[in-house]
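Shown next, in structure tokens, is the structure this report addresses.
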Amino acid sequence: MVKVVTDSCSDITPQLARELGITVVPLYVQFGSETYRDNVDLSTEEFYQKLKTSNVHPTTATASPAHFAQIFTELAEETTEIMAITLSEKFSAIYAAALQGKAMVKTDCRIEVIDSRAGAGAQMLLVIAAAKMAQSGANLDQLTDRIKRAIPKAHIRMAFDTLEYLRRGGRVGKAQAFLGGLLKVNPVLGIKDGEAFPIARCRNRAQAVDFLVDSVRGFARIEAVAIEDATTPEDLELLAQRLKDVVPAERTYRSKVSPVVGAHVGPHVLAVSILEAL
Amino acid sequence: MKTDLADGKTLKEMFASGTAWLEKSAPDINAINVFPVPDGDTGTNMLLTMQFALQEVKSSSDSHASSVAKSLAHGALMGARGNSGVILSQFFRGLAKGLEGKANFDGADFARALAGAAQTAYKGVASPVEGTILTVLKDASKAAKEAAKDNHALIAIVAAAAKSAEESVARTPGLLPALRDAGVVDAGGQGLYILLDGALQFLKGESHKIQYRRPRLVVAEKELIPRAAQRLTHLEMPHGYCTNFVLEGQNLDSARIDKGLKKRGQSLIVTGDDTLVRVHIHSFKPGEVLQYAMKLGKLHEIAINNMDDQYADFIKMQRERMPQVDIAVVTVASGEGFFELLNSLGNIIIIPGGQTMNPSVHELLQAVESAPSDNIILLPNNKNIVSAAGQVRSLTTKKLKVIPTRNIPQGIAAFLAFGYDLNLEQNARAMEKAIGRVKAIEVTRAIRTTRLDGLEIKKGQFIAILNDEDFISRADKAEEAIFEALGKAGADKAAIITIYYGMETKGAEAQQMAKGIRDQYNAEVEVIQGGQPHYHYVISLE
């Protein structure tokens, strides 16, 4: 069976990863000289607590090629086919690190490294889809073909209350069109061509939630949906309630942004990701 | 205190690592290169300069610090391109002077050398400008000097210099208006910071990580409106040729050459010694510049770039960094504050409406025709010109959608609803939907005693009009008129109340008004200076 590997910016919960047999490679979040493995040494709650009290702004770093090489080597003992789906290379050098890791491994095991062109919930849905297909017996070639075709069908809509974290972290991408506005707005961003893209400017949180729900309704055939928050579980619950009529609960995954993602989006994001029917 | 001494090899490796990091960052640095000329090649130029410098020491196994420094300086001089490249070569010249005679050096030596490098760099530029690489270098060397008081370890000094450089780059838009207007930090300063940061990574033993690190530029201290492409397209003037060469001769006098070339162009830098002089100039007549120099000796490393071509490439590069949208938005507005607000929200063409907000069909048509797209959305912001706007449609071959905005708050709401991922039809629909959610109250003073809807209004009283047609309150004081109007307009149901105060209203009064409104209503209240004529207040309810 193909073994699926991803990185921690997919925001997949440890339980779900275990259930689906997905290996998660952690990135790093750093507060000054303190380094933490994403969702391993530091949870989302702990991260945001530290964010409040620390006087250094957190930075993030990618996993090393050596680490990927180690993971691939270990998995190669259980399988002959591995698929690694990473965060978009426009957000992080992790795709390159995974490729280098693959090059460092001496094994007959086939390894396919795919740039998800996405992140967070959108990346998560692709990874879940891959793992499920692997479980139903798809081989690496079939999986590669299907996932590559699924990539343009994965969407994310993330509502922010500020773009300052994204701006400081240098990942604002085309969403820079929303910077510098003199009105207070709640921007909603998506990911297009692997980088942040401006979608809407809502006037307040309530409007933003409406927008997120409408976004989901805008898709005719949905495979699965993922909803995430950072520090606002009540808002997540509200969103979940409103989506109940649109997508059945068993195809709605709930999660939190990982600390590494959190360092770039801030404490008040709310996101919905949609994977269209494949 | 005892610290390890570094040698020439370390110096070489530091700058090799810095160059590797610069190579990764060069495209991003090019993209923010707006000063002194938006030719988009600062990153490339600094990289070329560094590559020449390193080439000079590449094959040598020289470990004598002073010797390596001199070779770096010589290589940089020979390879220097563009403003930043030449200043960088000055940096190395100063560094070499500071390390003169030393086989080994520690942090304190390096700090001293940095200070000398900063001085040399400043001296090399005829009219030094703050907010550029010079400022960053100055700040970095100051920090290095400060750090050297407590610690002589090289890594500590370079770390202090790099950190200070980073903070300095973030501040550059505050020092140089051209940067702030274009919404970027200084490219040359950025390059210098990258160089120092790369050197630091070597000293930390992490330079091998550079190859798979994501290049990241320093972000401005304050959020800036990203408008390089928008703003710079208005500065369409011929730029000339960026002319660079090294003059080799005898008894060369840099000051005299500087004088001789001053009138032939801009951004002139002449630097060197009596046998080797580096020249950089932006000139419309590069031939004359070369001819002049050829009389004084031999020319090497001649590089001439057409800056108009570079500028065109730069604009193209800027456009690609913003979401591609083939829809232009045209609107009518009055008030400096509104102009600023609208421009801060995106690319928009504003027709000044003057006192009456009533531009002619001709003015509307002109704006539509000059817009950089064949798909236009027009926001008239005045119910009286919605029909004139409709007439424009028959006068142009462009695809024009008129969103029937009756006032500026509706125009703003419509513009906010603009979707970068929507086509013309979809945008028109989204914007029309958005204006339905906005109510506007306009407050002005009666210019004569009159009767409205059966009510007597005295000259000078404040009157409030809802949605441009319903007169809903009048009072001697603006506050009274406004609170009555808010009540009648259903402000208790509004989520957001925005107060735009006009030319004749003081900010303090508007803030007071806002405070009163916040006390009474649940809505979020925002105060913005609209600067509009005629209406003392325009209040939007959403």
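Annotations for the structure displayed:
- For the range B:469-495, filtering for residues that are surrounded by fewer than 14 Cβ atoms within 10 Å (Cβ to Cβ) and in a loop (DSSP other than H, G, I, E, B) leaves 4.
- Taking the range B:194-214 as the range and being at the interface with chain A (Cβ under 9 Å from one of its Cβ atoms) and in a loop (DSSP other than H, G, I, E, B) as the test, the residues that pass are B:R213, B:R214.
- Pick from the range B:278-308, criterion part of a helix (DSSP H, G or I) and either charged (D, E, K, R) or closer than 17 Å to B:N251 by Cβ (or both), ranking: nearest to the chain's Cα centre (by Cα): B:D308
- Elements of type strands (runs of 3 or more DSSP E) in the range B:322-400, at least 1 residues being away from chain A (no Cβ under 14 Å) and in contact (Cβ under 8 Å) with a residue 40 or more places away in the chain: B:328-333, B:375-379
- Matching residues, the range B:401-447, being within 12 Å of chain A (Cβ to nearest Cβ) and in contact with a Gly (Cβ under 8 Å, 6 or more places away or on another chain): B:F415, B:F418, B:D421, B:Q426, B:N427, B:A430
- Here A:F219 fulfils each of the conditions (1) of a type outside the set (V, I, T); (2) closer than 17 Å to A:I12 by Cα; (3) touching an Asp or Glu at 6+ places or on another chain (Cβ under 8 Å) apart from (2).
- Residues of the range A:241-264 satisfying the condition of being surrounded by 19 or more Cβ atoms within 10 Å (Cβ to Cβ) and not hydrophobic (A, V, I, L, M, F, W, C): A:T252, A:Y253, A:S255, A:K256, A:S258, A:P259, A:G262, A:H264
- A search for C-beta distances below 6 Å between a residue of the range A:254-269 that is assigned to a helix (DSSP H, G or I) and any residue that is crowded, with 24+ Cβ neighbours inside 10 Å and aromatic (F, W, Y), counting only pairs 6+ apart in sequence or on different chains, returns A:P259/A:F47; A:G262/A:F47.
- Residues in the range A:222-240 that are surrounded by fewer than 21 Cβ atoms within 10 Å (Cβ to Cβ) and part of a strand (DSSP E or B): 2 in all.
- Complete set of residues in the range B:375-402 that are aliphatic (A, V, I, L, M) and closer than 21 Å to B:N427 by Cβ: B:I376, B:I377, B:L378, B:L379, B:I385, B:V386, B:A389, B:V392, B:L400, B:V402
- If you go through the range B:51-109 and keep only what is crowded, with 22+ Cβ neighbours inside 10 Å and either outside the structural domain of B:F35 (by TED's automatic domain parsing) or assigned to a loop (DSSP other than H, G, I, E, B) (or both), you end up with B:A80, B:R81, B:L99.
- Residue in the range B:406-420 that is surrounded by fewer than 20 Cβ atoms within 10 Å (Cβ to Cβ) and either farther than 24 Å from B:I351 by Cβ or basic (K, R) (or both) present: no
- Test: A:L166 is modelled with pLDDT of 95 or more, in a helix (DSSP H, G or I) and either closer than 30 Å to B:R227 by Cα or in the same structural domain as A:H268 (by TED's automatic domain parsing) (or both): yes
Condition check ((1) modelled with pLDDT of 95 or more; (2) over 19 Å from A:S92 (Cβ atoms); (3) touching a helix residue (DSSP H, G or I) at 6+ places or on another chain (Cβ under 6 Å)) across all residues:
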{"position": "A:N186", "(1), (2), (3)": "yes, yes, yes"}
{"position": "A:G194", "(1), (2), (3)": "yes, no, no"}
{"position": "A:L212", "(1), (2), (3)": "yes, yes, no"}
{"position": "A:I222", "(1), (2), (3)": "yes, yes, no"}
{"position": "A:A230", "(1), (2), (3)": "yes, no, yes"}
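- Selected residue (criterion: farthest from the chain's Cα centre (by Cα)) from residues of the range A:168-179 that are over 21 Å from B:E167 (Cβ atoms) and within 7 Å of chain B (Cβ to nearest Cβ): A:A177
- Residue satisfying all of: in the range A:149-165; in contact with a Gly (Cβ under 8 Å, 6 or more places away or on another chain) and either over 27 Å from A:G218 (Cα atoms) or more than 10 Å from every other protein chain (Cβ to nearest Cβ) (or both); surrounded by the most Cβ atoms within 10 Å (Cβ to Cβ) among these: A:M158
- Residue list for the range A:26-68, filter: surrounded by 13 or more Cβ atoms within 10 Å (Cβ to Cβ), within 14 Å of chain B (Cβ to nearest Cβ) and of a type in the set (V, I, T): A:T35, A:T59, A:T60, A:T62
- Qualifying residue in the range A:197-218 (condition: away from chain B (no Cβ under 14 Å), in contact with a Pro (Cβ under 6 Å, 6 or more places away or on another chain) and either assigned to a helix (DSSP H, G or I) or of a type in the set (S, T, N, Q) (or both)): no
- Which listed residue is at pLDDT 95 or above, away from chain B (no Cβ under 14 Å), over 21 Å from A:A230 (Cβ atoms) and not in a helix (DSSP H, G or I), from A:A118, A:A130, A:A138, A:A134: A:A138
- Selection status of A:A93, within 14 Å of chain B (Cβ to nearest Cβ), farther than 17 Å from A:S258 by Cα and surrounded by fewer than 18 Cβ atoms within 10 Å (Cβ to Cβ): no
- For the range B:170-183, the set of residues classified as surrounded by 19 or more Cβ atoms within 10 Å (Cβ to Cβ) and in contact with a Ser or Thr (Cβ under 9 Å, 6 or more places away or on another chain) consists of B:R171, B:T172, B:L176, B:L179, listed by residue number.
The values are calculated or read from the model by the stated rules, or taken from the named source; none is laboratory data. What you see is a predicted model; the values in this text were computed from it and never measured. Ideal geometry is used to build each Cβ from the backbone, glycine not excepted, and the neighbour counts take in all protein chains shown.
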